[in-house]
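Let me begin by presenting the structure, written as structure tokens, before commenting on it.
The values are calculated or read from the model by the stated rules, or taken from the named source; none is laboratory data. This structure is a prediction, so every number in the text was calculated from the model and none was measured. All Cβ positions, even for glycine, are placed from backbone atoms using ideal geometry, and neighbour counts span all protein chains on display. Accessible surface areas use protein heavy atoms only, side chains included; no ligands, DNA or RNA. Shrake-Rupley method; radii C 1.70, N 1.55, O 1.52, S 1.80 Å.
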Amino acid sequence: MRKSLLGRFLLAFSAILLANLVLVVGLTLNQSRAALEAEYRYRLNAAADKAITAYLQQGRQIATGEWAQVTNSAESNLSSIYVAVWKQSEAQNSPPQMAWSDRKAASVIGDHRLGQVLRGGTAYWMDGDKAYTAVSVNEPTEGQVVLLIGLPKPAQAPLWHYGQTALYTLLAVSVPTLLLAWAFFGRITRPLSQMVQIADAVAEGDFSQRVGYTDADEVGTLGNALNQMAQQLDTLDKTRRTFLAGVSHDLRTPLTTIKANTQAMLDQVITTEEQPDFLSSTIEEIDRLRGMVDSLIEASSPEAMSLNKAEIDLCAILHDTLKQLQLCAQQVGVQLVGELGDGIIVLADQNKLRRALLNILHNAIRFSPGGSTVKVSSRAANGSALVTVQDSGCGIGSELCGKAFEPFVKGQGSNGSGLGLYTSKQIVAAHRGDISIESAEGIGTTVTISLPLSGS
């Protein structure tokens, strides 16, 4: 079972979103807590400055125990601020806890914080509904004095409120982003899913389906490539079927002749004088079958072609090939003309090279009208031996001309296997040579073979 690419994307995006939620909410809570603490500390410092100023101005005139009442009264500039005073002079003859103007201050500050302030420090802390600070004041007559200032916490939203705000903000941004990403990514994955289905169909032998997504992007390029592959496989499959039908017909004809000749000799329906002709016909058909089998083998595995190279006279090979085909050309009214040079030596496999030339010349003769001429010429130029076969036949169209050397490609009206030119190209390529074709409909075709000269 295939895993959905879109499902993976949504799962990954959800994981990233969840991680962002945890991170943002955590950071927001931490920053909110720090901001509140900074605000309390600022307010406490301002209140401490007021309390110190007021104490230095009025403290000597206020009896112990009255300080909190005065500072918490509506008329005081310290209204709503809790203030308690600890005097060192009063703590000399009594426990330190009893030196506070407000007895509950001792339990609020504790001995640890009091000692910290007496050593010159400043204490900040929160307890219940108040934020506290304790500061030391140097008073010449009273010795060291400690002021405990309590500030009511302002009405604040709970910290979770800030986390909720961050959560809702992140969701407000992430959800539309997820929907847009799902729509965009779905636009990519849908054609990919279609391509997977088409690839499965191609693997099962159905070459008719095509990808409908053809936009000018990477996915569209992939779709076009898949369409081209399916088209080529479809063409190749049709060509293969046509080729198999043609090969079956071509094989059936010589086999039928061989069987008929053999059966006739077994049945002794032919005379002794006729037997050599029948045997000669049978051998020709066997040679024809062997040539067809060799072409099929070489076409199916051209890299396995073995060459038995030797220095040969290319002009001599051409002369023998033209002589071999003279009778065949005369039977269809075509004249073979050779314009051959002298002393063109190449390093080649004579039999393979002869087969390539025969394939090309057979095509030229077959597609030339009666009374026309097939011209064969050879020359040496720039370290290469050039062989040109030129006919004045029907020619082939530009579209088919570009595919002439592909396997199973046959011209209109051809009854061959479609492997002649393909095999010739493989033979020439095995000799490190090149072969090209030029043709125009109604004018004729020219095939040129280039082979390296011996020693080049």
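Observations on the structure shown:
- Looking across the range 431-454, the residues that are in a strand (DSSP E or B) and of a type outside the set (A, V, I, L, M, F, W, C) come down to Asp434, Ser436, Glu438, Ser439, Gly444, Thr445, Thr446, Thr448, Ser450, Pro452.
- Annotation: of all residues in the range 126-148 being closer than 17 Å to Ala46 by Cβ and not aliphatic (A, V, I, L, M), the one that is most open to solvent (accessible area, probe 1.4 Å) is Lys130.
- Condition broken by Pro96, with the remaining ones in (1) at pLDDT 85 or above; (2) in contact with an Asp or Glu (Cβ under 8 Å, 6 or more places away or on another chain) satisfied: (1)
- The set of residues in the range 407-446 that are under 30 Å from Leu347 (Cβ atoms), at pLDDT below 80, more than 39 Å from the chain's Cα centre (by Cα) and open to solvent by 30 Å² or more (accessible area, probe 1.4 Å) contains only Ser417.
- Qualifying residue in the range 179-199 (condition: open to solvent by 50 Å² or more (accessible area, probe 1.4 Å) and either in a loop (DSSP other than H, G, I, E, B) or of a type in the set (Asp, Glu) (or both)): no
- Residues of the range 307-334 satisfying the condition of being surrounded by 14 or more Cβ atoms within 10 Å (Cβ to Cβ) and among the polar types (S, T, N, Q): Thr321
- Single unsatisfied condition, Thr64 versus (1) modelled with pLDDT under 70; (2) part of a helix (DSSP H, G or I): (2)
- Boolean, Gln390 is at pLDDT 80 or above and touching a helix residue (DSSP H, G or I) at 6+ places or on another chain (Cβ under 7 Å): no
- Selected residue [at pLDDT below 75 and not in a helix (DSSP H, G or I)] from Thr272, Thr214: Thr214
- Number of residues in the range 95-109 that are within 24 Å of Pro140 (Cβ to Cβ) and open to solvent by less than 40 Å² (accessible area, probe 1.4 Å): the value is 6.
- Scanning the range 350-406 for residues that are part of a helix (DSSP H, G or I), open to solvent by 50 Å² or more (accessible area, probe 1.4 Å) and farther than 17 Å from Gln331 by Cα yields Gln350, Asn351, Arg355, Ser398, Glu399, Leu400.
- Of all residues in the range 307-338, those satisfying the criterion of being β-branched (Val, Ile, Thr) and under 21 Å from Gly455 (Cα atoms) are Ile312, Ile317.
- Residues in the range 98-105 include at least one that is more than 25 Å from Tyr42 (Cα to Cα), more than 60 Å from the chain's Cα centre (by Cα) and assigned to a helix (DSSP H, G or I).
- The set of residues in the range 259-280 being β-branched (Val, Ile, Thr) and either open to solvent by 50 Å² or more (accessible area, probe 1.4 Å) or touching a strand residue (DSSP E or B) at 6+ places or on another chain (Cβ under 7 Å) (or both) consists of Thr262, Val269, Thr271, Thr272.
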